[in-house]
1. Given R₀ = 30 Å, FRET efficiency for E98-R137 by Cβ-Cβ distance, to 0.05?
2. GluC sites (Glu not before Pro) within the range 20-121: which are DSSP loop residues with at most 16 other Cβ atoms inside 10 Å?
3. If I stretch the segment between I125 and A7 completely, what's the gain in nm (0.36 nm per residue apart, minus their alpha carbon distance), one decimal?
4. Can you list residues whose amide H is under 5 Å from S73's amide H, if they're 5+ apart or on another chain and H is modeled 1.01 Å from N?
5. Could you list which residues have their amide H under 5 Å from that of V52, counting only those 5 or more apart in sequence or on another chain, with H placed in the peptide plane?
6. Give the dimensionless ratio obtained when the Cα radius of gyration of the range 47-148 is divided by 2.2 N^0.38 Å.
7. Determine ³J(HN,Hα), in whole Hz, for all residues of the range 59-65 in sequence, where each value follows from phi through the Karplus function 6.51 cos²θ - 1.76 cosθ + 1.60 and θ = phi - 60°; x replaces Gly and Pro.
8. Residues of the range 65-84 with amide nitrogen under 16 Å from the 7 Å Cα-to-Cβ point of L18?
Amino acid sequence: MAVEPPAKMLLIVTGSTLRAEDVDRPLAYYLKQRIDSWSDDPKSSSPLAFRVRVVADFRWIHDEPLQVLPTISIGGPGVNALSHRWLEEVPVSLAVDEQYYIQMDPDLDEPRASIWGMDNTTTQIAISVFIERFLPRFLEHCAKGTSNLLDLDDND
């Protein structure tokens with residue numbers, strides 16, 4: 001019987017503000033469900049599963065070992081400190097009418113993405129567009145990466 005390789009860690013980061021907890025964290029768990037279902041999809045090009053964790057922005061910022069893991073940030077720079085940090089660092093892959101943005105290195109040299117809109121409705125749209133247009137390629141790239149074998153509970 002073949003031994004399956006360990007799952008790759010992937011982080012979804014939301015803001016720590018009450019508004020972000022209220023509206024962005026549910027979007028993060030929706031994205032997590034979609035990633036989990038992608039991992040189980042027999043049509044996906046990589047059978048490797050992901051261990052997806054949703055964490056707060058300040059946890060990611062202050063916990064250096066997390067910063068090497070593939071990361072998706074959800075919520076705008078006004079409610080998510082990581083999105084604020086990445087605002088000038090991560091290239092814009094898609095901007096629609098100054099309403100929502102998907103920031104991601106087109107070559108995926110660094111597996112990180114920031115997804116946000118001007119309000120919750122446009123952030124929801126941005127998440128849907130990311131899932132349809134960018135997620136498969138992002139996950140395939142993350143599956144090829146080597147950094148991962150990290151247990152978040154060990155870092156508490």
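1. For R0 = 30 Å, the calculated efficiency reads 0.75.
2. Passing sites in the range 20-121 are E88, E89, E98.
3. Between I125 and A7, full extension yields an extra 39.6 nm.
4. V13, A113, S114, I115
5. Amide H neighbours of V52, under 5 Å, 5+ apart: L10.
6. Normalised Cα radius of gyration, the range 47-148: 1.03.
7. Per-residue couplings from phi come out as 5, 4, 5, 9, 10, 3, x Hz.
8. Within reach of a label on L18: 79.
Read-outs: derived from the displayed coordinates by stated rules, not from any lab. What you are looking at is a predicted structure, and each value in this text was computed from that prediction instead of being measured. Every residue, glycine among them, receives a Cβ derived from its backbone with ideal geometry; neighbour counts consider all protein chains shown.
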